[in-house]
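Colleague: Shown below is the structure under consideration.
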Amino acid sequence: MSTRSTIGIERPDGAIKCVYCHFDGYPSHHGPILLLGYPTADKVEALLQGGSMSILGKVPGLIQDFSHPQEGYTLYFGRDRGDIGAEARACRDREAMLDIAAHNGSEAAYLFSNSGQWLFQSVNWRLPRPAAFKPLKEATIADLRDLIGRIPSFTHMSEEDRREYMRESQAALEMVSNV
């Protein structure tokens, strides 16, 4: 299973450049990475330059073997696997980005706005009109709090792994809260 997402940057004229991301598109994963690792338009541009991705990482630049990716690095379909047609897409506005997101199966849309703020919106086939993005920080904090509340019930993990996941999630919540 994957939680697909669309990640974009808004230009001063409202046009958007966006890419598809296949895995881990929920705010508790993407939020800390985007808020802390990609806080400026230049960094977002560098991230999107690689095109659509398998997984978002804290570092976009390392070319890697798609079958054996290094943890923490963004894994791109075009650059790392050689897929054709995985380049970033251009769209006219936020609603067009949400249409692209809905049609590529995304459950979430992340947008670095032309005012320099990360925004978030859940995506489904019945999209609200007009677009209703909200600050990513708020969505990330809410998702991390929900995740932290559910970790004790993760019986598929060992007790030690649950404790480590809890520590990591609480640290992420603290970092995002302080952004």
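Please treat every number below as a calculation from the coordinates, not as lab data. Fair warning: this is a prediction, and the values are worked out from it, not measured in the lab. So basically every Cβ, Gly included, is an ideal-geometry build from the backbone, and we count neighbours across all protein chains shown.
Colleague: Only counting other Cβ atoms within 10 Å, I'd like S52, S158 sorted with the fewest neighbours first.
Modeller: S158, S52
Colleague: Using the Cα centre of the chain as origin and beta-carbon charges of +1 (Lys, Arg) and -1 (Asp, Glu), tell me which of P32, H68, A142 is placed farthest towards the positive end of the dipole.
Modeller: Value: A142.
Colleague: Label points 7 Å out from Cα along the Cβ direction at E71 and S115: separation in nm?
Modeller: The two pseudo-label positions are separated by 3.8 nm.
Colleague: Return the equivalent ellipsoid semi-axes of the range 122-179 as a descending list in whole Å, where each equals the square root of 5 times an eigenvalue of the C-alpha gyration tensor.
Modeller: Over the Cα atoms of the range 122-179, the semi-axes work out to 28, 16, 6 Å.
Colleague: While we're here: If I compute volume of the Cα convex hull per residue in Å³ from the structure I just sent, which labelled value in (i) 148; (ii) 192; (iii) 121 lines up?
Modeller: Answer by label: (iii).
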